Structures are given as C-alpha cells and as structure tokens.
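To start, the structure itself, in structure tokens.
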Amino acid sequence: MGSPLATKVVFTLGPVTVTEPVVVTWGLMVLLTLAGILIRPRLSIIPSRSQAALEAIVVAMQDLIRDTMRRSPEPYLTLLGTIFIFILLANWSSVVPGIEPPTAHIETDAALAVIVFVAVIYFGIRARGLAAYLRTFAEPTLLMVPLNIIETFTRTFSLIVRLFGNVMSGVFIVGIILSLAGLLVPIPLMALDLLTGAVQAYIFTVLAMVFIGGAVGETRSADGKQGDAA
Amino acid sequence: MHIDWWTLALQTVNVLILVWILGRFFFRPVTAIVAKRQEAAKKLLSDASSIRHQAEEARSQADKARAELDAQRLRFLDQSRQEAMAEKARLLDEASRDLAKMREAAAAAAERDRVACDSAMMRHAGELSLEIARRLLSRVPPDMALQTFAEELCREVRSLPDSSRAGLISMSKPGGTIEVLTATDLSDEQKQYLRRKLVEALGAEVPMTFRRDETLMVGLELRGPTTVVRNSWRSDLERIREELTDDGRLGKT
C-alpha cells in the first residue's frame, strides 16, 4: 500500500497528468449524468416511489438551506446539493473494491473548498454589492478586518483539512486492517466509514451554507421569518 | 506533502461541470415538478375553497328558503286554525239555529198533538157526556123532556129582539112557514102542544112544519128564512166547544 497522500497517475495528456481521483470523479459524473438523464423524463406530477424519494431528498435539502441561511433556497440548491451528493458518493465509493474515494485526496477537497470560497464571494457580492460585501470585513469594528480576512482563508482551509483528514484516515485504517487481518474483519470499519462519509458530506455542505449565508447577510426567508446570518 | 495542481484544477472543473449537469438533469426538473404539484395542489385547494364557498352559499340560501317555508307554514297553520275556528263557530251557530228550529218545530208539533189530543178528548168527553145525558134522559118521560125543551125554546123566542121575532112572524104571510126540527118524531098531541106554546111565545099564529133531525140529539130548533132559534144538545155542545176554543181554555187544560 502506497502513501495515502500520494496520487496515482492514470495517464497523461501532454503536460496534463490525469490522476486516479480525477478518473473516479469522471466515473461518478457519468453515473450521475446517466441517472439524471434517466430520471428527468420519468418525472410526473403524480410521483412514483423512487420519484417521491428523490423529491424528499431535494425538499429536505431546500428545507436545510432555508433553515440555515434564512433565505430562499433556489439560488443555492444546485451548488450545495451537488456538493453534498458528490461528496457523499465520493466517500461511499470506497465500498467498491479497488476504488479509492476522490475525497481521500487533498486535491479534490481543495477543489471543493475553492469552489465554496469563490461561491461565498460571488453570492456575497451579488446579494450585497461589492462595497457592502467588503464592508462586512470591517464588522463589527475596523480592527477586525485582518482577522476576518484571515478567517475567510482559514475556514476554507479547515474545510479541506476536515474532509481530507476524516476520509483519508478512514481509508487508511481500513487499508491497514485489511492488510493485517482477514477479509471480513474490516467490514465493521467500512460500515463506520460509510457513516463517517455521510456525516462529513453533511458537515461540509452545512458549513458551505453557513459561509454563504454569512456572506449574503440577514434577510427575510422565503416563508417570511426573520433570520440571522450565520 | 505534494499537491498535484493539475488534479486540483481538473477536480474543480469536474465539480463545476457536475454542478451544471445535476442542475440541468436533476435539481431543476425535480424542483419544477414539485413546484408544479404545489401549484396544482394550491389550485385544487382554491377550487375546493371556491366550491365550499358556493356550497356554503347554497346552504345559506337553502336555510333561508327553509326558514321562509317554515314561516309560511306557520302562517298557513295560523290561517287554517282561524278558518277552522270560524267554520266551527259558524257550524255551531248553524247547529244552534237548526236545533232551535227543530225545538220550535217539535214544540209546535207537540202543541198540535196536544191540541188534537185535547180536541179528541173533548170530543170524546162530549160524546160520552151526551151518551150519559141520553141515557139519563131516556129515564125521563118523553113529554116531560119535550115540555122542558119547549119551555126553554119559548123563553128564547120571547127574548129575541123584536126585529128577529118579527122576522119569524112575517113567515105567516101566504106561502111562508116556520120549520120546527125535533130529535124524535112527535105525536099529534105533542105537535099541538108545541104549536100552542110557540104561538104564545111569538104572539101570533104562524104556520109550522115539523121535521125529524137526529143530529139534534135532544131538543128543538126553530128555523125561519133569516132567523134560527136553537135549544138542543147539539147547539149547546157546539156553543160550548166554540166558547172553549175561543177562550183558549183547551190549551190551558
């Protein structure tokens, strides 16, 4: 077993090196695209059981965004929902033998965190305007500007490290146990790893919501309730 | 620790592409279908609310119509009750009048029956008294009875007004005669006796003819063209009956 921090290069295209996490991610993208293509024409106003389950997931995500951000969930649903589904499936991809979760590599987690970082700035400027958004760094006092700027980067870094550490450690431990014990011994740890993967997907998504919600600021939610920006 | 920047870039692009794909094929269609269902549910609720409103309005109108019908029914009942009371009063009044008429008719009929009964009783009593008198008289000698009735007849003749007595006397002119009615046939002696007594009473000789009339029962009657002098039981009974009837004493007995 190699270093968990190393990424295996699958192939190269000129200067571009395509590593294993990228290939796995492509596989997940193909899987999700096919699922979306199959699901889309089958959506009906009278839902089947599978459609009801999918709608339940989407509605739960909308409720989570609404409760967390105190805003209408429509502008954020696609981004945050995709992040949740991708992280969840990436974490759970470890159950497939021979596949290492893309989120067990720091580049994938960094990519997700960068996207969240950019999204925070984008939604903040779109909601408040550039000047108002920049003024948020001076809250509550001007003295807080350096700390707020640092906090913007550190929280992004914490997103990366949290997800990477949890997933990588799970994969690493399962790999060690598998190399030391028999075939069935790592199964409880793999089940625990699935739970950890789901929890980490949820935490990453909720933190992204909180960061974006803090950037867009306090407003009335879609159901008319007054809320605070996180 | 080594970071593969190409992997970072590719993963960033991959996630962004995945965001677009899922947004196009999953999140937007699902949210659209949920919104469409919510719109349909809202429309159904709105339609249901509208229908319920219409139903409530119809029920309100039905309640109003029922209340009007109840009021109309009460009015009709009251009117019918009043009409029934009026009809009852009218029938009672009519029955009272009919009853009074029937009572009057019954009283009149009873009165008529009582009068007829009294009359029959009087007639019967008169016949009975006549029979009694006839039987008593049969024990009296015929001459004595004739003398008694002749004396009485003569006294009545004498008590006649002069004009009436003159009317009887004028019958003595040629062709005229006085008819003497008796209940029984008279002998010649009795006729002679009776003629002598009548001549004395009239004060003039008058031709007389004698004729038997059993309806007199007992007694005599003297008949002229304009004057009749009666002294018989028949005339007495008739007079008594007339007096009783005229005086109304029959109704009182």
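Each residue of segment A:66-76 was assigned a 3J(HN,Hα) from its phi angle through the Karplus expression (A = 6.51, B = -1.76, C = 1.60, θ = phi - 60°), giving 5, 6, 7, 9, 6, 9, 5, x, 4, x, 10 Hz with x at Gly and Pro. Partner aspartates and glutamates whose Cα lies under 17 Å from the Cα of B:Lys101, excluding those fewer than 8 positions away in the same chain, are identified as B:Asp93, B:Glu111. For chain B, the fraction of alpha-carbon pairs lying more than 34 Å apart is 65 percent, rounded to a whole number. Basic side chains Lys and Arg get +1 at the Cβ, acidic Asp and Glu get -1 at the Cβ, and with that the dipole of chain A about its Cα centre reaches some 440 debye.
A cut-off of 5 Å between modelled amide H atoms, ignoring neighbours fewer than 5 places along the same chain, links B:Ile178 with B:Met208, B:Thr209.
For segment A:82-225, the relative contact order works out to 38 percent when only alpha carbon pairs closer than 8 Å and six or more residues apart are counted.
Inter-chain Cβ neighbour count for A:19-31, averaged per residue, equals 3 (cutoff 10 Å, partner chain atoms only). For segment B:141-252, the ratio of Cα radius of gyration to the globular rule of thumb 2.2 N^0.38 Å stands at 1.13. Distance distribution P(r), segment B:193-239, all Cα-Cα pairs, bin width 5 angstrom from 0: 5, 18, 28, 25, 16, 7, 0 percent. A dipole drawn for chain B from +1 and -1 charges on Cβ atoms has a positive end, and of B:Leu168, B:Ala95, B:Met85 the residue lying farthest that way is B:Met85. In this structure, the amide hydrogen of B:Leu220, modeled 1.01 Å from its nitrogen in the peptide plane, lies closer than 5 angstrom to those of B:Asn231, B:Ser232, counting only residues at least 5 positions away or on a different chain. Straight Cα distances below 20 angstrom link B:Lys64 to the aspartates and glutamates B:Glu56, with same-chain residues fewer than 8 positions distant left out. Volume of the convex hull of chain A (Cα atoms only), normalised per residue: 169 Å³. Between amide H atoms placed 1.01 Å from N, distances below 5 Å from A:Val10 occur with A:Val18, A:Thr19, A:Glu20, all of them 5 or more places distant or on a separate chain.
Counted over the protein assembly as shown, the DSSP beta bridges are approximately 75% antiparallel.
Over chain B, Cα pairs under 8 Å with separation of 6+ residues give a relative contact order of 16 percent. Hey, how many Å between the Cα centroid of segment B:130-165 and the Cα centroid of segment B:23-82? Computed from Cα coordinates, the inter-centre distance equals 121 Å.
Taking the alpha carbon gyration tensor of the protein assembly as shown, multiplying each eigenvalue by 5 and rooting it gives semi-axes of 166, 25, 17 Å, largest first. Which of the aspartates and glutamates could be linked to A:Lys8 by a straight reach, that is with a Cα gap under 13 Å, when you skip same-chain ones fewer than 8 residues away? In chain and number order, the partners are A:Glu20, A:Glu100, A:Glu107, B:Asp4.
Read-outs: derived from the displayed coordinates by stated rules, not from any lab. Since the model is a prediction, treat every value here as computed from it, not as a measurement. All Cβ positions, even for glycine, are placed from backbone atoms using ideal geometry, and neighbour counts span all protein chains on display.
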